[in-house]
1. Tell me, which residue of the range 20-43 that is hydrophobic (A, V, I, L, M, F, W, C) and out of contact with any strand residue (DSSP E or B) (no Cβ under 9 Å at 6 or more places or on another chain) is modelled with the lowest pLDDT?
2. Give the range 212-228 a look and list any residue that's out of contact with any helix residue (DSSP H, G or I) (no Cβ under 6 Å at 6 or more places or on another chain) and under 16 Å from Val152 (Cβ atoms), or say none.
Amino acid sequence: MPEIVINTDSKTVRGQCRACGANEVLHISNEKFKRYVINHPPTALKGNFGSNKADSKADNKVDANGTKKKEKSSSSSGSAKKEKKEKKKSDAKDDDSDEDDDDDNDGVVWFSDTSAEAARKRREAMIPDSLLQNLPVEKEVSPATPKKETDVDKVKNVLKSEKPIEKLKEFKTANNVADEAFVGLLFEAMFPSGSDVFSAVDSHSAVIKEFVTSQAATQLALLRRLENFCAKVNPSILEKSSFIVKKFYDDELVDEDNIHKWFESKDGAMEQFRTKVAPFLAWLKEAEEESGEEDEDDEDSDN
């Protein structure tokens, strides 16, 4: 502690407290450490136990012979300064030698080629020639070719543009696509797998009327596509098949006669879909019969 001054003689180690003035023998149980303290008194080493300004003033007092008690400490201080100077010179020489080493490396580029080809060559250099012939030949991986845009993709893009009907006509003419085949392209573009059929019909109603509703053949082509879509492509909506066909009928996209004609034909028939749509066909037939009876009653009343 800074307030304790350590004094030694040939046999004892004493500690004097500057705060309270107590001066007592320090009992050190470790005899080896005690002998080390006696042989190397801390007050003789500058900067160790209790070496502060107060200690310096006490040691600089002149004794009866006119000599300073701090002479020994001064000499040791001088030797310490000399050691510092020598150490600085040694460090400077080390720095110079480091600079010389750096100069020796001038012009040398330290790096490793990390390319696949360089790595392969390094592996081959480490493998004996007798084993090289057994190594498999690495095949060069060609870059992935960009996906080619299909006609369905092109029709999808046209449907998203302004004035799609005019652009679809240009596309159909430019590619010489037949009417029924064009219905197939339109259907795939308008009704992708998992799509909401009802909202898609509302969104593309004008396009369907332009390219489908105008002909019986295109209406039948649309109904066959719808049958395949509900039964195979998106079977999760099979239960709604009757309502989907009714949606096309209510929006006047397919005629009643063509619906009956499609239902009665066996071309690509899928029983699951036909079974689900049968109630709607029965309703159409009943409505038609009722309408016919009403027309007959009106004629009788006129007569």
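1. Filtering the range 20-43 for residues hydrophobic (A, V, I, L, M, F, W, C) gives 20, 22, 25-26, 28, 33, 37-38.
Narrowing the set further to residues that are out of contact with any strand residue (DSSP E or B) (no Cβ under 9 Å at 6 or more places or on another chain) leaves 20, 33.
Working: Cys20: 76, Phe33: 81.
So the residue we want is Cys20.
2. Asn228, the sole residue that qualifies.
So that you can scan it fast, the table gives a plain yes or no per residue for (1) over 42 Å from the mean Cα position of the chain (by Cα); (2) more than 20 Å from Lys154 (Cα to Cα); (3) at pLDDT 95 or above:
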site	(1), (2), (3)
Glu180	yes, no, no
Pro192	no, no, no
Val197	no, yes, no
Cys230	no, yes, no
Phe248	yes, yes, yes
His260	yes, yes, no
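The values are calculated or read from the model by the stated rules, or taken from the named source; none is laboratory data. None of the values given here were measured: they were computed from a predicted structure. Heads up, the Cβs are rebuilt from the backbone with ideal geometry, glycines too, and the neighbour counts pull from every protein chain shown.
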